[in-house]
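The values are calculated or read from the model by the stated rules, or taken from the named source; none is laboratory data. Fair warning: this is a prediction, and the values are worked out from it, not measured in the lab. Here the Cβ is made from the backbone with ideal geometry for all residues, glycine too, and neighbour counts use every protein chain on show. With ligands, DNA and RNA removed, areas are computed over all heavy atoms of the protein, side chains included. Shrake-Rupley method; radii C 1.70, N 1.55, O 1.52, S 1.80 Å.
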Amino acid sequence: SHPLLCPPGIKCGGVLSAPSGNFSSPNFPGLYPYETECTWLIVVAEGSSVLLSFSHFELEYHDTCAYDYLQVYNGAARDRGNLLGTFCGHSPPPPFSSAWHVMAVVFRSDRHVAKHGFAAAYKKDACGGQLTGLSGEITSPRYPESYPNDAECRWSIGGASGGGPLTLVFADFQMEGGQGCGFDYVALFDGPTVAAPRLGRYCGSARPPRTISSTPHLLIIFKSDFNIGGRGFKAHFYSAGECQEVFTTIKGNFSSPQYPNFYPNNLKCQWSIQLPPGYRVKVFFLDMELEGRSSLTGGCDYDHLSAFDGGTENGSLLGRWCGRESLAPVTSHSNRLLLVLHTDRNTAKRGFSISYVGVVPMNISCTRTDFHIQIPVQSLAQLERNRIYLGTPSCAAQVVGRNFKIHTRFDTCGTESQRRNNTSVIVSTLYIDFSVGDQEDVHQYEVQCEPKRKEASVTLIAGPDPSRLSQAENLVDAQQWEREAVDALEIKSQDTSDIVFISICILAGLLMVIAVVGLVLL
């Protein structure tokens, strides 16, 4: 028998809200129809999770499941950040536990090759379960109502393909207290079983600290005794690779979890950059695509990236971004900067890629004829003085007391005169060479002096990736520089020709005077 296109009356997809039930592909156990798409939304009581299993599974095979496939999602949204897996062929999907009380299942067939399809069963799990998604939410039974007495729940999190260490964050926590947490408690284990090292045991009303496992598995046990309860708890977990990082090197780069693939939902990631005193942190946004702005408020209310000065979220906000934007670099006012990524339950995007570089503390001044540059030795303690030079290596810094110093005249060390904003300025490049072995790493700063006002300034022009960063920052219009250089050459050549012409005139005049005097004497 040949499969047909899905007839209008056939049952395909829908909302399943009973505590348990079964569903299957159209025509099962016969061949499923061509060009069919079905979505089942399973919704159970809040605070519970959905347990899903497959008793039969046979779809057309393709190595990336590009033809016929079945997809399982955490939550209602068909969103790559919520995707638990895509399946085809003859191997049935593993049993799934949703990370909250909603799960979506999508079946799709193309216009060629039909198989017998699948049969699935689901049931509400009061608490606990095997959670394999990259991110999710768990709550105590009946949360936020008081949890039942004599309950015991186990959530085993992990096993996601490519999953790294797991992070668990408690958003709310209120349970019966007691010395040693012997009555009601939540216990965390660094692995899939209670034989793994224990990460903590918590009770009372103080929120447990953020917990990061050392393996891709985490076991959470909730237990209540025969009396006295509480609101319970609500916690988020995510397996996001590098999501909590601290950087202390002078330069670095990082990206959102799984970049350039879609980041997981339900994240709070933090990147802390901590440099030596006196430094500032300059951040370059190489690529960014997050969920867009709210159509209601116009703000970044969903997924967003924030930068804070001073290294904590209590510091002043340097910026908050979302959507797809090309951003100018951001510089901290202190030696610490914190970047925080928040993602909500749905609509994931590509994320971001960021580079940063430490802006070396330095004091630049100038007179009408000289540059004075001073850098504390402790800021560049590991560098020899010849690694710091102005224009050319022959103009290296000297060590004077506790400072590297460069004192040079404008007519040396690669300085040049330019016109900017109709003002004559003297410009040179300060090089600080952090290279180690074969790893070239030279940071460049443009130093500038306005001799008339004796005003000096310095700008970082190249850090982690000079070509991309100078391009991203667009510090100087190169064509304008070229035009000014050509103008300067023309002015110089014009000045030279004028001098030659005047010299010839003077010489001719002198010769005429000598000739006249000679005639008179004769």
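What the table below lists for this structure:
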| item | result |
| --- | --- |
| Top-ranked residue in segment 309-323 [being touching a His at 6+ places or on another chain (Cβ under 8 Å) and not in a loop (DSSP other than H, G, I, E, B); ranked as most open to solvent (accessible area, probe 1.4 Å)] | Arg320 |
| Condition check for Pro148: under 25 Å from Leu218 (Cα atoms), surrounded by fewer than 23 Cβ atoms within 10 Å (Cβ to Cβ) and in contact with a Ser or Thr (Cβ under 6 Å, 6 or more places away or on another chain) | no |
| Conditions (1) in contact with a helix residue (DSSP H, G or I) (Cβ under 9 Å, 6 or more places away or on another chain); (2) under 18 Å from Ser457 (Cβ atoms); (3) open to solvent by 40 Å² or more (accessible area, probe 1.4 Å): number failed by Val399 | (2) |
| Scope segment 172-196; condition among the hydroxyl-bearing types (Ser, Thr, Tyr) and either open to solvent by less than 50 Å² (accessible area, probe 1.4 Å) or part of a helix (DSSP H, G or I) (or both); matching residues | Tyr185 |
| Pairs, first touching a residue at least 60 places away in the same chain (Cβ under 8 Å) in segment 398-417, second assigned to a strand (DSSP E or B), C-beta under 8 Å, six or more apart | Ser417/Ser424; Ser417/Val425; Ser417/Ile426; Ser417/Val427 |
| Pairs where the first residue, in segment 339-355, is basic (Lys, Arg) and the second is modelled with pLDDT of 90 or more and open to solvent by less than 10 Å² (accessible area, probe 1.4 Å), C-beta under 6 Å, 6+ apart | Lys349/Leu290 |
| Elements of type strands (runs of 3 or more DSSP E) in segment 23-88, at least 1 residues being more than 38 Å from the chain's Cα centre (by Cα) | 49-58 |
| Answer residue from segment 197-213, given it is farther than 20 Å from Gly229 by Cβ and open to solvent by less than 20 Å² (accessible area, probe 1.4 Å) and is modelled with the highest pLDDT among those | Gly200 |
| Tally of residues being out of contact with any Pro (no Cβ under 6 Å at 6 or more places or on another chain) and either under 16 Å from Val15 (Cα atoms) or open to solvent by 20 Å² or more (accessible area, probe 1.4 Å) (or both) across segment 101-127 | 18 |
| Any hit, segment 328-350, residues being β-branched (Val, Ile, Thr), more than 30 Å from Gln258 (Cα to Cα) and in a loop (DSSP other than H, G, I, E, B) | no |
| Positions within segment 214-238 being modelled with pLDDT under 90 and open to solvent by less than 10 Å² (accessible area, probe 1.4 Å), in sequence order | Ala235, Phe237, Tyr238 |
| Conditions (1) part of a strand (DSSP E or B); (2) touching a residue at least 40 places away in the same chain (Cβ under 8 Å): number failed by Val246 | (2) |
| Complete set of residues in segment 65-94 that are more than 14 Å from Thr39 (Cβ to Cβ), among the charged types (D, E, K, R) and open to solvent by less than 20 Å² (accessible area, probe 1.4 Å) | Asp68 |
| Verdict on Arg368 being assigned by the TED database to the domain that holds Asp303 and open to solvent by 50 Å² or more (accessible area, probe 1.4 Å) | no |
| Considering residues of segment 412-439 that are closer than 20 Å to Ser394 by Cβ and β-branched (Val, Ile, Thr) only, the residue most open to solvent (accessible area, probe 1.4 Å) | Thr412 |
| In segment 331-349, residue nearest to the chain's Cα centre (by Cα) [restricted to those that are under 16 Å from His304 (Cβ atoms) and surrounded by fewer than 19 Cβ atoms within 10 Å (Cβ to Cβ)] | Val340 |
| Criterion (open to solvent by less than 20 Å² (accessible area, probe 1.4 Å) and not β-branched (Val, Ile, Thr)) met by exactly one of Ser326, Ser394, Ser306, Ser353 | Ser306 |
| From Val400, Val359, Val340, residue being of a type in the set (A, V, I, L, M) and out of contact with any Phe, Trp or Tyr (no Cβ under 8 Å at 6 or more places or on another chain) | Val400 |
| Unique residue being touching a residue at least 24 places away in the same chain (Cβ under 8 Å), in the same structural domain as Ala348 (by the TED database) and polar (S, T, N, Q) when the list is Ser294, Ser306 | Ser306 |
| So Arg293, is it more than 14 Å from the chain's Cα centre (by Cα), in a loop (DSSP other than H, G, I, E, B) and either within 30 Å of Pro451 (Cβ to Cβ) or at pLDDT 95 or above (or both) | no |
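Conditions tested, residue by residue: (1) touching a residue at least 12 places away in the same chain (Cβ under 8 Å); (2) outside any loop (DSSP other than H, G, I, E, B).
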residue: Arg201; (1), (2): yes, yes
residue: Phe222; (1), (2): yes, yes
residue: Asp225; (1), (2): yes, no
residue: Asn261; (1), (2): yes, no
residue: Pro276; (1), (2): yes, no
residue: Gly299; (1), (2): no, no
residue: Tyr302; (1), (2): yes, no
